[in-house]
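Below is one structure, written out as structure tokens, with a few remarks after it.
The values are calculated or read from the model by the stated rules, or taken from the named source; none is laboratory data. Because the structure is predicted, anything quoted here is derived from the model rather than measured. With ideal geometry, Cβ positions are generated from the backbone for all residues, glycine too; neighbour counts draw on all protein chains shown. Keep in mind that these areas ignore ligands, DNA and RNA; they rest on the heavy atoms of the full protein, side chains included. Shrake-Rupley method; radii C 1.70, N 1.55, O 1.52, S 1.80 Å.
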Amino acid sequence: MELTLLLLLPLATGLLGAVLGNRLVKPLAVLGGLGTLGLAVGLALNYDTALGGSQFTVDKLWVKPLGIHWALTIDGLNLALVVLTAFVYASVVVACALREQENPRLFYFHLGLGASAVLGAFLAQDLILFVLFFDLMLVPFYFLVGQWGTGDRVGATTKMVIYTLAGSLLMLAAAVATGALTASHHGQHVDFLISNLQRLPLGKGTQQWVFLCFAAAFLVKMPAVPLHGWLKDAYKSMPLPVLALFSGVLSKVAAYGFLKLALPLFPDAAASFQDLLLGIGVLSIVYGSALAFTTNDARLVVGYSSIAQLGFILIGIFSLTSDGAQGALLQMVNHGIVTVALVLIVGVLASRAKGSEDLGSMGGIAMGAPVLAVVFLIAAFANLAMPASANFVGEFLILKGVFDSVTVVAVIACLGVAMAAVYMLRAYIRAMHGPDTNGVEQRDLSLREALPILPAIALILALALSPQPLLKRSEGPATAAVIPAAKAANIDPIQTATAAQGKR
Amino acid sequence: MSLTTYSWLVLAFPLTGSIILGLGHKVLKGKTAGAIGTSAILLSFLSGLGALRSLQSRPEESRQVVSSLWTYAQTGGLDVQFSILVDPLSLLMVLVVAGVSTLIHLYSVAYIASDEGYVRFFAYLNFFVFSMLMLVLAGNLILLAVGWGLVGAASYLLISFWYRRNTATKAGIKAFVINVVGDVGIVLGAIVIIQGTGAVDLLTVFAKAPQVWHTNDPQIVVGCLLLLVGAFAKSAQVPFHTWLPDAMEGPTPVSALIHAATMVTAGVYLIARMHPLFQIATTASDVGAIGGAVTLLVAATIGLVVTDLKRVIAYSTMSQIGYMIMAVSAGVYGAGLFHLMTHAFFKALLFMAAGSVIGAMAGEQNLDRMGGFRKVMPITYGCFIVGGLALSGIPPFSGFFSKDDILLGLGTQGGWYWALYVAGYVGALMTAIYTFRMIFRAFHGEPCEEAQSLADGRLFHAAEHRNPGDGTLEDTGVGYPGAKHHIAERSPSMSISMGVLAILATIGGVIQLPKVTNTLDHFLHPTFSDSPKFGLAIDYNLMAIGMVIGAVLGLLGIYIAWMIWVKKPGTSARIQARFALPYKLFSNKWYFDEIIAFLIVRPFAAAGRFFQRTVERVVVDGAITAGPISIARASSAAVRSWQSGMLRAYAAAVIVGAALLVLYLMLQA
């Protein structure tokens, strides 16, 4: 029951605010955000790590004739991501509450709906439920871009709709097919519980097209190159705090989908398409990084950097090793936190540069804004996976997993490590350093601006000191997620020295 | 207190110092920040001495101690503790780093006094020292990579310290990116080593290495070559060196501390630390030794012609580190580390003295504009002479013994190491020439305007300051180069720290006098006891010959410099005209920057632009995105209405669905 409450809290407070009127909407939304965070942290603290496995499980048959369950659970795989979502939502709601919003009732309703949907997707243990939440989480963002966005809103919405609709419909079809085919294949009633589906694998041929449908939906959402065509316009027109939520957690649902569904349910297909997905991952890393160091738009630096970072996450997962999956999970959390900080910092920078988000109109502000300079520096260093950040540990594990599995991919991915240094520092220097030729406003971070950013920075620092709490809880499930596919691909998922020795 | 407590304190003081300075940047006034920063490092150094005493009181076989504070990252086959390894090698580095850092902090108290970023400077400097100590104390491969990366970051921050200068930010990003390439080398090297041994803890790796790998096993050769990429990037060895001369954009104390005495020697430390692996991967060791030899010669030739005072010393640093890399790669560990130590003394001294000259020149660094400072800056001049004699390897100064020790170690091994031996002596001759070229040009000859002004009792100020790098007008609002620059003759804290280093540079050789003391070798023995080459019997005839050759070449070099730049001015122009081709090659720094730009920077930039302007527009926006959309749009109005209608219906359906879901749940409950 706790999980249903957690899931519905953002939506409920948003709805309540929309009903009760303009005056209460902000306090209610903030309360909802902090409440969600409190609940999520409480669950994490009460999660019995020694016991492991699924806890706080809710499982009710929901739509009986179709075999769809209202099944939610917390396990080592989604625990950190659930907390991350609650954290990002809380930061974003606080950031929104500290600025003026047009039509706040609908705005916070959509924001809450988005957060609930993301939480639902992370918690869902039923395939159809997952798909429903996955599709649901896009709807509020269409409206948020369409109504509160800037620039070419129509174009941005159209692109987003076309892309994600294509992916979603494929996934819906694939999900239904999975349940139906599994039932007919094994002569049982239709049932969509992921754990049940996992016990009854499909034939290899079927797995392959179903897997590709799921992969298409996930790759669009991440996004991965070359399916990222919607990103530029959507990023450009989204209000900044909304972008923080969108970029911080929505892309992680897709990456999580690979670990939660695509690998365990379709292991043979995952094994046979391993090279394809590693290729897409590496392409995303290199291409995304190259875009990030040639754009002058501060917001797009963050956006293109996300493409590259999710490329790392993708190759980590498709290394089909325990280390790779662990690194990918850690990196999802890290990237979520860092992105929130970076997106909100872009907002601060723009407010100093007469509202422009162009790097060319910034510069030379570090002298007048030392706190901002340090905060941005920490976020930038974390994003480029500076050793000593938790991002470094995540990236290290990913590279190790990929190196053990398909060495050449890891070597190419290292280009991305160096390129990240280039695009991140380039953006930092152009925004903060250099002569003050553009007459930017030399004003440091105000308390109002700092409030939603500093928690993210504190979390970056805390995780840098010890990423272990995250790794400890996810080790078992992350390994379990890759084992079937790794077996199919003939890869030792837990590389040990003896295994490496045995191979030679 | 126990050994490990002392060792953790070594790390804790600089970190605390940096945090206090960072948090207090608004409230700390006057020279408080300098005092806090300097005391933090001094306390760290004293803790290092405590650790030394404690370590020496242990029996020799238990002088390698690992201490762990918490579990950092543990998953799968990886078990990373937040651990340090205290042994003679790491402790030697701790003492050199913390010791020299203390003096440089003291120097900076005055040198940087007029800068608006005074507190920030000491915060960064403390953070750097913490990072460097983290690097040398790291107990496993991951923490080593952490320290390795952090010093790169600190170095970036300090190179770009005067970030209003575009030259400084450019130099910073260049240094950082090349260092990240080195980090990648370390990371991949670590992965290969973990793959082989299944361990991250250094001592475990060393213990398993001989069982896992046979001599020149391809896996460990690749692993060590990757580590060498890291070592070469950090230690500015060819072809990863181009960032170091540009790093001279940083304030001079930074050049002294990071880009001469400590960080750039990290590569030497790495090879020495990893010696059990490099001894198995002999091919990688040979690559390292040859790389060091090439660097020492290339850098020395550039040092002969470069006209920027600090860049002469920077190329000299590259060259001297080439000696050390050559030494430790060839298994001459004791001598390599001995030279690391003496070099830290005399090179930091030279940079500090150069800082004093640059102060007198009000920021100008061009040797062509300097001259005649000898009489008006006696302390600075004296320090330059002491540092120069040590660098040139003139007995009895410290550099003489350490450089000779390296070459003796190489010669003793014979075989193709003779080539390295000869390269070392050729380099030694060039070293003496470029060192005294620099000294004679700055201090002898006709007094320049600035020296004249100093003789009249006032420090020179320029009416307007221009960036020597690109000629742009400086923003003096940030305090540099302000009106209140400093020289050693007028600042006790500068002259005291220079004086201490001058003494060390003079007598530092006594801890390793061949046949007499050998203290350093004895001290380091517990770390290198597994090395067959360590403490190889010395050929005393070779030693005597080497010492004579070294001393003669050093004196010869000074004589040549004196002839060219003092006795017969104009000789150098004639030599330049006579040997136009080599001169062009040397003064263009062997075209490394141009080659790297051509091979790496430009292709990447071009690819980025191509992706951004062409691929994004034509393929992604055009074929993949706009194609389907425009087909749908263009087909007919019916399709259009269907599409938008469907979007609305779709969104509505989902919201209705969500509402029903809530309703259903309410009813269920």
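Please average, across the residues of B:75-87, the number of beta carbons from any other chain that are within 10 Å of each residue's own beta carbon, and give a whole number.
Per residue, the number of nearby Cβ atoms from other chains is 5 on average.
How big is the gap, in Å, between the Cα center of the stretch B:127-147 and the Cα center of the stretch A:419-488?
So the two Cα centres are separated by 21 Å.
Per residue, how much accessible surface does the stretch A:21-130 expose to a 1.4 Å probe? Answer in Å², no decimals.
Roughly 35 Å² per residue, with all protein chains present.
In a solvent-free Debye calculation with one equal scatterer on each Cα, what is log10 I(q)/I(0) for the stretch A:387-439 at q = 0.13, 0.20, 0.24, 0.25 Å⁻¹, listed in the order of the q values?
The calculated log intensity ratios at q = 0.13, 0.20, 0.24, 0.25 Å⁻¹ are -0.46, -0.76, -0.92, -0.96.
Return the average number of partner chain Cβ atoms within 10 angstrom of each residue Cβ along peptide B:188-194. Please list the in-between numbers first.
Working: counts 8, 0, 3, 11, 4, 1, 9.
Going residue by residue through B:188-194 and averaging, the value is 5.
Whole Å is fine, so just give me how far the alpha carbon centre of the stretch B:176-254 lies from that of the stretch B:515-529.
Centre-to-centre distance over Cα atoms comes out at 26 Å.
Running Debye on the stretch A:1-253 with equal point scatterers at the Cα sites and no solvent, what base-10 log of I(q)/I(0) appears at q = 0.12 Å⁻¹?
Listed by q, the Debye log ratios stand at -0.73.
For every helix of n ≥ 4 consecutive DSSP H residues, a contribution of -39,500 (n - 2.57) applies; sum these over chain A, divide by its total residues, and give [θ] at 222 nm rounded to the nearest 500 deg cm²/dmol.
It comes out at -24000 deg cm²/dmol, rounded to the nearest 500.
Between B:THR32 and A:GLU2, what's the calculated FRET efficiency when r is the beta-carbon distance and R0 is 51 Å? Round to 0.05.
0.45
Expressed as a whole percentage, what fraction of the accessible surface of chain B belongs to carbon and sulfur atoms when a 1.4 Å probe is rolled over the protein heavy atoms? Numbers along the way, then the final one.
On the way: 15940 of 23700 Å².
Accessible surface attributable to carbon and sulfur in chain B totals 67 percent.
Farthest toward the dipole's positive end in the stretch A:184-268, which of A:LEU240, A:LEU202, A:TRP230, given Cβ charges of +1 (Lys, Arg) and -1 (Asp, Glu) about the Cα centre?
Positive-end residue among those listed: A:LEU240.
Over the stretch A:273-499, calculate the relative contact order: mean separation of alpha carbon pairs under 8 Å at least 6 apart, over the residue count, as a percent.
30 percent
Work out the length of the dipole vector of the protein assembly as shown about its Cα centre, built from +1 on the beta-carbon of each Lys and Arg and -1 on the beta-carbon of each Asp and Glu, and round it to the nearest 20 debye.
The calculation lands at about 1340 debye.
State the Kirkwood hydrodynamic radius of the stretch A:157-232 in Å, one decimal place, computed from all pairs of distinct Cα atoms.
13.4 Å
Looking at the protein assembly as shown, I'd like the Rg to Rh ratio, where Rg is from alpha-carbon atoms and Rh is Kirkwood's inverse mean 1/r. All intermediate terms of the calculation are to be shown ahead of the outcome.
On the way: Rg = 31.7 Å, Rh = 31.5 Å.
That ratio equals 1.01.
In nm, what is the difference between 0.36 nm times the number of residues separating A:VAL63 and A:LEU276 and their Cα-Cα distance?
73.0 nm
Any chance you could get the radius of gyration and Dmax over the Cα atoms of the stretch A:240-333, in Å?
13.8, 43
Over the alpha-carbon set of the stretch A:248-402, divide Rg by the Kirkwood Rh and report the Rg/Rh ratio to two decimals. Before the final figure, lay out the partial values.
Numbers: Rg = 16.9 Å, Rh = 16.3 Å.
So for the stretch A:248-402, dividing Rg by the Kirkwood Rh gives 1.04.
Just for the Cα atoms in chain B, what are the lengths along the principal axes, largest first, rounded to whole Å?
Each principal axis gives a Cα extent; for chain B these are 95, 65, 54 Å.
Which shape class applies to the stretch A:141-290: rounded if a/c is under 1.5, otherwise prolate when a/b exceeds b/c and oblate if not, where a ≥ b ≥ c are the square roots of the Cα gyration tensor eigenvalues?
Since a/c reaches 1.5 and a/b is larger than b/c, the shape of the stretch A:141-290 is classed as prolate.
Applying a 10 Å radius around every beta-carbon, put B:28-38, B:612-622, B:312-322 in order of their mean neighbour count, most first. Spell out each step's value before the answer.
Details: B:28-38: 19.5, B:612-622: 15.2, B:312-322: 27.7.
The packing order, highest mean first, is B:312-322, B:28-38, B:612-622.
What is the packing order of peptides B:555-564, B:442-451, taking the mean over residues of other C-beta atoms within 10 Å and listing the highest first?
Working: B:555-564: 17.7, B:442-451: 19.3.
For the peptides B:555-564, B:442-451, the packing ranking is B:442-451, B:555-564.
Residue by residue through the stretch B:550-560, which ³J(HN,Hα) values in whole Hz follow from phi under the Karplus form 6.51 cos²θ - 1.76 cosθ + 1.60 (θ = phi - 60°), with glycine and proline marked x?
Couplings: x, 5, 5, 4, x, 5, 4, x, 5, 4, 4 Hz.
State, in angstrom, two size descriptors of the stretch A:67-208 derived from its alpha carbons: Rg to one decimal place and Dmax to the nearest whole number.
18.1, 58
Mind giving me the nanometre distance, one decimal, between the label points for B:SER529 and A:ASN46, set 7 Å out from Cα along Cα→Cβ?
The modelled label-to-label distance comes out at 5.6 nm.
Given 0.36 nm per residue, what is the gain on full extension from B:THR571 to B:TRP70 after removing their alpha carbon distance, in nm?
Value of the extension gain: 173.9 nm.
Taking the highest mean first, how do the peptides B:18-27, B:244-253, B:98-107, B:370-379 order by number of other beta carbon atoms within 10 angstrom per residue?
Result, highest mean first: B:98-107, B:244-253, B:370-379, B:18-27.
Give the average, rounded to an integer, of partner chain Cβ atoms located within 10 angstrom of each Cβ in B:347-353.
For peptide B:347-353, the averaged partner shielding equals 0.
Quick one: grab the alpha carbon gyration tensor of the stretch A:273-499, order the square roots of its eigenvalues as a ≥ b ≥ c, and give me rounded if a/c is under 1.5, else prolate or oblate depending on whether a/b is larger than b/c.
prolate
Hey, how many Å between the Cα centroid of the stretch A:359-399 and the Cα centroid of the stretch B:286-338?
Taking the Cα centre of each part, the stretch A:359-399 and the stretch B:286-338 sit 33 Å apart.
Convert 10 °C to kelvin, take the viscosity as 1.306 mPa s, use the Kirkwood radius over C-alpha pairs of chain A as Rh, and evaluate the Stokes-Einstein diffusion coefficient in µm²/s, rounded to a whole number.
70 µm²/s
Enumerate the amide H contacts of B:GLY198 below 5 Å, restricted to partners 5 or more residues apart or on another chain; note that Pro and chain-start residues carry no placed amide H.
Under 5 Å from the amide H of B:GLY198 lie the amide H atoms of A:ALA497, each far enough along the sequence or on another chain.
If you take the C-alpha gyration tensor of the stretch A:1-151, multiply each eigenvalue by 5 and take the square root, what semi-axes do you get, largest first, in whole Å?
Output for the stretch A:1-151: semi-axes of 28, 18, 13 Å.
Contact order normalised by length for the stretch B:3-546, with contacts defined as Cα pairs under 8 Å and 6 or more residues apart; what percent is it?
Value for the stretch B:3-546: 15 percent.
For the stretch A:1-253, what is the relative contact order in percent, using Cα pairs closer than 8 Å and at least 6 residues apart in sequence?
Value for the stretch A:1-253: 22 percent.
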